[in-house]
Amino acid sequence: MVAQILTDEVEKVPNAKVYRVGGEEFNIILPNVDLKQATKFGHHLQDRIRYNIFSIDHLKLRITVSMGVAKLHHGDITSNLFYERTDQMLYQSKGKGRNRVTVENGNEL
């Protein structure tokens, strides 16, 4: 269900891709999108998920998501450097109470 929301929204952004990393963790690549636009996109996704009612085994649930947002830098020799930076932002969001978007420049939204 969450994957479908992500897929639907990512299809609206040219050349964007969503990947399931494992379990409930996803990566979204947004080529040619600056950090401000990526952050806005993250908040939009948060709202789409937060305000959706999920039905699981006759239960009605609302869920929230935590996100980390980072930009690919010229100095990122490998994709792992970029991924690790983004992952650090994600874990900052989770560590500060969840349902947050943390951006690599130090802003928490």
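Some points to look at:
- FRET efficiency estimate (nearest 0.05) - Cβ-Cβ, D87 to N52, R0 30 angstrom: 0.75
- The chain: relative contact order in percent, alpha carbon pairs under 8 Å with at least 6 residues between: 19 percent
- Those lysines that a straight Cα-Cα span of less than 27 Å connects to K71, excepting residues fewer than 8 apart in one chain: K12, K17, K36, K40, K94, K96
- Taking the DSSP bridge list for region 2-103 and keeping only pairs wholly inside it, about 75 percent are antiparallel.
- Close amide H contacts of F26 (hydrogens built in the peptide plane, cut-off under 5 Å, sequence separation of 5 or more or a different chain): V21.
- Under the Karplus curve 6.51 cos²θ - 1.76 cosθ + 1.60, θ = phi - 60°, whole-Hz ³J(HN,Hα) for region 7-19, x wherever Gly or Pro sits: 4, 4, 6, 5, 4, 7, 10, x, 6, 6, 9, 10, 10
- Within the chain, helix-based [θ] at 222 nm, where runs of 4 or more DSSP H residues each add -39,500 (n - 2.57), nearest 500: -12500 deg cm²/dmol
- HN-Hα J in Hz across region 76-83 - Karplus 6.51, -1.76, 1.60, θ = phi - 60°, x for Gly and Pro: 6, 5, 10, 5, 4, 4, 5, 4
- Each residue of region 53-64 is assigned a 3J(HN,Hα), and the resulting list reads 9, 9, 9, 9, 6, 6, 9, 9, 10, 10, 10, 10 Hz, derived from the Karplus form 6.51 cos²θ - 1.76 cosθ + 1.60 (θ = phi - 60°), x at Gly and Pro.
- Modelled FRET efficiency - R0 35 Å, K60 with N27, Cβ distances, 0.05 increments: 0.75
- For the chain, the gyration tensor built on C-alpha atoms gives a prolate shape. Its axis ratio a/c (a ≥ b ≥ c) is at least 1.5, and a/b is the larger of a/b and b/c.
Each value in this text was obtained by applying a stated rule to the coordinates, not by laboratory testing. The model shown is predicted, which means the values in this text are computed figures rather than measured ones. All Cβ positions, glycine included, derive from the backbone under ideal geometry; neighbour counts span all protein chains shown.
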